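For reference, the structure is listed below as structure tokens.
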Amino acid sequence: MASLLGLIEKKRDGLTHTASEIDALVHGFMSDELKDYQMAAWLMAVCTRGLTLDETAWLTEAYVKSGRSLDLSNVEGVVVDKHSTGGVGDKTTLVLVPLMAAAGLKVAKLSGRGLGFTGGTIDKLESIPGFRVSLSNTEFVSQLQSIGQALSSQTSDLAPADGKIYALRDVSGTIPSIALIAASVVSKKIAAGAQVIVLDIKVGEGAFMKTQEQARELASVCRAVGERLGRSISTVISSMDQPLGLAIGNSLEVQEAIDTLHGKGPEDLEALCLKLGAVALYGAGQVGDLATGEQLLFDCLKDGRALEQFKALLKAQGGEEALSILEEPLLLPQPSRVMLVPSLSSGYINAVHSLGIAQAAKMMGAGRTHKDSPIDLSVGVLLKKKIGDWVDEGEALAELYIGSKPLKEEPTNPSEALQVIQESFDIQPNRGLIPPLFDSIELGTVYKAKIKS
Ligand code: URA
């Protein structure tokens, strides 16, 4: 095999690596034999020359092999996981985990914290008093066996090569390679042990993928990698043309997820959860088509089975203290005051710019600028209008939830955030088109359970 330098030159010249060459690059980087500047050069060569599907699958495998993987082979039933590439107001995990468990799936979900404009599930869960977001491996597996669902924070020992390479991509202009993104996303899911994986790829202004073409390409590469590595990966491309649901902000999103589990959630959030869950049921071989899966999940939402599963999750990870939020929602972190955001004109809402809304929530302390920045779980934005709605001048477009403690020496003046929200609404005299929630849904191969001898 060529030297490590030779491998960088090989990709520079547009040639194709073998599996052992990809392994050598990742292994060399993890052992510091390949330096940061060399890996950055290789990553840039990948951005311009690309990786074949085989190379992408080998890179994914090398990431997985760089660390520990969760062994869920002793869990009875099909273990599923869903992952979203991150969106504004995306609280689907909080609804889907108990919902899919109610439909008989085993749901093993590792989640992260928010960074930039998207919120993280772990931050949202920390709004729940007493809820433990870090389960040990043994606890994770045993909870999966006992109540069919476990939700814990992702640890850095799963696919550590991805963590180290991602940090380098972030500072070397090499994030936007579809092959690198696919290897990064899929490796973490495979290391987390699931057999059936549903990827919710967000597209639009408030998302990582800005165009449908990019999103479709990412979806197809992820499915192909899944196929090569023996996992059922299905992809749903969903719109981030406006925030999902009405709530943006940690505690507000937990409340909205609970409302959804009571069968009283916003239409778009419920529709997305039903679709993602149905795709998981199909991938797990539990239903023959999506309509049957959606009906089963809809029934679980409306007859209380999903809520019962959520109670089981709260009890397992937070005991009576966590459970009490269902009786007493005011136990979730509360803002010091709520300000109405009035509309400056009358008309139809033509667009609600997700990035602007996320920015306003972040200005008030809902999001982080650095990995370790403190956040205020009580703050956020509650939308009162979405695309297609009519608004009168002076009527509320949204409510701004303001915290009690300034997190910065110079706290944001709420009126600045209020103005950002107003500017995020595009109001026109005529009603425009309502963008569809889904762009495309592509089902992976149905998982075939191994017969234990
Ligand atoms: N999310 C990931 O986990 N990895 C990427 O490369 C991009 C988004």
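The values are calculated or read from the model by the stated rules, or taken from the named source; none is laboratory data. Every value quoted in this text rests on a predicted model; they were computed, and no experiment measured them. Note that each Cβ is placed from the backbone with ideal geometry, even for glycine, and that neighbours are counted across all protein chains shown. These accessible areas exclude ligands, DNA and RNA; they are computed on the full protein's heavy atoms, side chains included. Shrake-Rupley method; radii C 1.70, N 1.55, O 1.52, S 1.80 Å.
Summed over region 1-59, residues that are aromatic (Phe, Trp, Tyr), within 17 Å of residue 183 (Cβ to Cβ) and open to solvent by 50 Å² or more (accessible area, probe 1.4 Å) total 1. In region 171-195, of all residues being near the ligand (Cβ under 10 Å from one of its atoms) and among the hydroxyl-bearing types (Ser, Thr, Tyr), the one that is farthest from residue 48 (Cα to Cα) corresponds to 187. Of the candidates 168, 180, 199, the single residue that is over 16 Å from the mean Cα position of the chain (by Cα), buried (at least 21 other Cβ atoms within 10 Å of the Cβ) and outside the structural domain of residue 424 (by TED's automatic domain parsing) is 180. Summed over region 95-125, the residues that are open to solvent by 10 Å² or more (accessible area, probe 1.4 Å), away from the ligand (no atom under 16 Å from the Cβ) and in contact with a helix residue (DSSP H, G or I) (Cβ under 7 Å, 6 or more places away or on another chain) give a count of 4. Residues in region 66-94 that are polar (S, T, N, Q) and open to solvent by 20 Å² or more (accessible area, probe 1.4 Å): 66, 69, 73, 74, 84, 85.
Of the residues 151, 144, 229, the single one that is hydrophobic (A, V, I, L, M, F, W, C), surrounded by fewer than 23 Cβ atoms within 10 Å (Cβ to Cβ), in contact (Cβ under 8 Å) with a residue 12 or more places away in the chain and more than 13 Å from the ligand (Cβ to nearest atom) is 229.
Yes/no matrix, rows are residues, columns are (1) closer than 24 Å to residue 424 by Cα; (2) open to solvent by 40 Å² or more (accessible area, probe 1.4 Å); (3) under 16 Å from the mean Cα position of the chain (by Cα):
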| site | (1), (2), (3) |
| --- | --- |
| 207 | yes, no, yes |
| 217 | no, yes, no |
| 220 | no, yes, no |
| 245 | yes, no, yes |
| 263 | no, no, no |
| 276 | no, no, yes |
